[in-house]
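The values are calculated or read from the model by the stated rules, or taken from the named source; none is laboratory data. Please read all numbers here as calculations on a predicted model, not as lab measurements. Methodologically, a virtual Cβ is constructed for each residue, glycine included, from the backbone with ideal geometry; neighbour enumeration extends over all protein chains shown. Please note that ligands, DNA and RNA were not included when accessible areas were found on the heavy atoms of the full protein model with its side chains. Shrake-Rupley method; radii C 1.70, N 1.55, O 1.52, S 1.80 Å.
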Amino acid sequence: MVVVVDAIGRQVAQSRCQFSIARLGRFRWTVEKPYKQLLVGDGDRVWIYDQDLNQVISRKSDRALGNTPAALLSGREEVEAAFEWRDLPAAEGLEWLGATPKDKESAFRELRLGFDATGLVALDVTDNFGQRTVIRLSKLDRNPKLGPDLFRFTPPAGADVVTE
């Protein structure tokens, strides 16, 4: 479940997503509502496909992920040096770890990672405008066998492709 809350605490969006991740920058994030979107990281590039616009944006992984929360989950080693880390008080039945990007040009100002006995179950990202994106992970299948095709993307015929 992904919930977006504005700077004054009003919920502005909610969606359900499916997320698969493998080390070394390979991931697949599928959003069904409120609009269909697919993000695929193949280890070299990140592909963002907006079905309604029939548009694909392709970026080099290091440029697309940079010091984002996705970089933390993708297994990039440089994340330890890219963030200031701190322990946070337990809350909501979870143990929390906070991360602040060292790069002042970052698109977000704080990330909180929530853990229970099984591992990571929550991400809470606050952007530079005070908007929060709250992600709760559920129905986790740890260490599944994921085929390499899951992390490949071919733009659909007729889609506009923007390469950065």
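Listed values, structure above:
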| item | result |
| --- | --- |
| Spin-label pair Asp116/Asp6, simplified geometry with 7 Å Cα→Cβ offset, distance in nm | 3.2 |
| Whole-number percent relative contact order across the chain, with pairs defined as alpha carbons under 8 Å at least 6 apart | 22 |
| Protein accessible area in region 99-149, 1.4 Å probe - carbon and sulfur % | 52 |
| Long pairs among Lys60/Lys104; Lys33/Lys102; Lys104/Lys139, criterion Cα-Cα beyond 24 Å | Lys33/Lys102; Lys104/Lys139 |
| Area accessible to solvent at Asp42, 1.4 Å probe radius, in Å² | 60 |
| Distance between region 26-59 and region 92-141 - C-alpha centres, whole angstrom | 21 |
| Glu32 - accessible surface, heavy atoms, 1.4 Å probe, Å² rounded to 10 | 100 |
| Global geometry of region 100-164, whether rounded, prolate or oblate, following the gyration tensor of its Cα atoms and the 1.5 cut on a/c | oblate |
| 1.4 Å probe accessible area per residue over the chain, in Å² | 62 |
| Stretch in the chain that is longest and holds no chymotrypsin sites (Phe, Trp or Tyr not before Pro) that DSSP places in a loop and that have at most 16 other beta carbons within 10 Å | 36-128 |
| Calculated P(r) over Cα pairs in 10 Å bins from 0, in percent (choose from (1) 11, 38, 35, 13, 3, 0; (2) 9, 28, 32, 23, 7, 1, 0; (3) 10, 34, 41, 14, 1, 0), label | (3) |
| Exposed trypsin sites (Lys or Arg not before Pro) absent: longest stretch of the chain, with sites in DSSP loops and at most 13 other Cβ within 10 Å deemed exposed | 37-101 |
| Pair Asn143, Trp85: separation of 7 Å Cα→Cβ label points (nm) | 2.2 |
| Sum of -39500 (n - 2.57) over DSSP H runs of 4+, divided by residues of the chain (222 nm, nearest 500) | -1500 deg cm²/dmol |
